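This report concerns only the one structure given below.
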Amino acid sequence: MPGGRRAGPTRTRQAIVDVARAQFAARGYDAVSLRAIAREAGVDPALVHHFFAAKAQLFAAAMELPFEPDAFVSALLAGDADTLGERLVRAVVELWDTPGACEGFLGLIRGAVTHSDAARLLREFLTRELLGRLAAAAAPDAAQARAALAGSQIVGLAMARKIVGIEPLASADPAWLAAAVGPTVQRYLTEPLPG
């Protein structure tokens, strides 16, 4: 395996992203390691870490997400715990509505409907890097169930607003959607669940 850096950092970074995109699509989020991506890209693992401090950052680049997952989660958790659901809904709706910003992620949601690999990739990323972390911080009991319940609302809202185009959800103001859907997400994240 070659050591050090290849010439042309832009090409090397893009080669790593391309390999990561293919590996995430083929194997899912959990089964892919930064070391395996480095091996297939023909670079030293330290170079992958140079460009991407964590797997979530590499996933964000591979899926062309307009946010860095760690920063997104940290910003949501920095606010009042009693309004986490509303802030989460508003944040994701505003991301989806940014022109060209979430095409990769929305494509993943479209693909998850018919392709089990895309469904696994979406599920693993949401539960490990976004909703799972929010749920564990908001109420550590049953974090997996809480993340799944919140995910049902977030993915369902993405389908209704951006893919199927159900009105008035498709054209509703993000603040209105946050007020309408946020309390349900909040309940899933923080209130007692059935035994």
Report summary line: Flagged in the stretch 2-17 as open to solvent by 70 Å² or more (accessible area, probe 1.4 Å) and either in a helix (DSSP H, G or I) or at pLDDT 85 or above (or both), in numbering order, are T10, R11, R13, Q14
Report task. Residue by residue through the stretch 161-195, note down the ones that are without any contact (Cβ under 8 Å) to a residue 12 or more places away in the chain and more than 30 Å from P140 (Cβ to Cβ). Result -> V164, G165, I166, E167, P168, A170, S171, A172, D173, W176
Query - Criterion (aromatic (F, W, Y) and at pLDDT 85 or above) met by exactly one of F105, F125 - result: F125
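The values are calculated or read from the model by the stated rules, or taken from the named source; none is laboratory data. Here the structure is a predicted model, which means the values were calculated and not measured. Note that we place each Cβ from the backbone using ideal geometry, even for glycine, and neighbour counts take in every protein chain shown. These accessible areas exclude ligands, DNA and RNA; they are computed on the full protein's heavy atoms, side chains included. Shrake-Rupley method; radii C 1.70, N 1.55, O 1.52, S 1.80 Å.
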